[in-house]
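The values are calculated or read from the model by the stated rules, or taken from the named source; none is laboratory data. This structure is a prediction, so every number in the text was calculated from the model and none was measured. Cβ sites come from the backbone with ideal geometry, for glycine too, and all protein chains shown count toward neighbours. We work out accessible area using only protein heavy atoms, side chains counted, and drop any ligands, DNA or RNA first. Shrake-Rupley method; radii C 1.70, N 1.55, O 1.52, S 1.80 Å.
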Amino acid sequence: MRLTPDLILDTFDALTVDFLKEKDIRFLILDVDNTLIPYEETEPRPSVRAWFDELKNAGISVALVTNNHRPRLEAFNATLSLPAFANSAKPFRRNMKKAMRAMGADAAHTANVGDQIFTDVWAGRRMQLFTVLVAPIK
């Protein structure tokens, strides 16, 4: 199995709506820690909220899948109310599949975004998704 991501970006928000539409990606599975926010922060930054608003306005659905614990994910997701799955043990696929079901997603139109090759990219590859590796925030 190839562990090279389909796309490498400096930040999550460099993944634009225009690019996603060009690739016909309608669903995103997102890691949280060190992808969207640093470990020491609990709430989404304004830049994260603005990016989510752009995605929503473009009709792109989002789910959160993290290896972190439920309280951490619930704190981050409290104001977002996205489908969210904690304790995922990525690269295992269980919660990736749950996230896709929650969004009504199929592999051909879904991308997985995260900051780690051996969890996020590998999980996405196992699901045959378009994979995006972003540079860790820290």
Please get the size of the charge dipole for the chain, origin at its Cα centre, with Cβ charges of +1 on Lys and Arg and -1 on Asp and Glu, quoted in debye to the nearest 20.
700
Could you tell me which chymotrypsin sites (Phe, Trp or Tyr not before Pro) in segment 50-132 are loop residues by DSSP with no more than 16 other beta carbons within 10 angstrom of their beta carbon?
PHE92
P(r) of the chain over all Cα-Cα pairs, binned every 5 Å from zero, in whole percent
2, 11, 23, 27, 24, 11, 2, 0
Candidate residues HIS69, HIS109: accessible-area rank, largest first, probe 1.4 Å
HIS69, HIS109
From DSSP H assignment alone, runs of 4+ in the chain each adding -39500 (n - 2.57), the sum over residues rounded to the nearest 500 puts [θ] at 222 nm at -8000 deg cm²/dmol
Which entries in the list LYS97/LYS138; LYS56/LYS90; LYS23/LYS56; LYS21/LYS56 go over 22 Å, if you measure between the two C-alpha atoms of each?
LYS97/LYS138; LYS56/LYS90
Report the full-extension gain for the segment LYS23 to ASP6: residue separation times 0.36 nm, less the Cα-Cα distance, to one decimal in nm.
5.0 nm
Surface/4 estimate of mean projected area, convex hull on alpha-carbon atoms of segment 83-125, nm²:
2.9
Just reorder MET127, MET96 by solvent-accessible area, largest first, 1.4 Å probe, all chains present.
MET127, MET96
Length gained when the stretch ALA108-ILE137 is fully extended (0.36 nm per residue, less Cα-Cα span)
7.6 nm
Along segment 109-121, what does the Karplus equation 6.51 cos²θ - 1.76 cosθ + 1.60 (θ = phi - 60°) give for ³J(HN,Hα), rounded to whole Hz, x for Gly and Pro?
10, 10, 10, 10, 10, x, 10, 10, 5, 7, 10, 6, 5
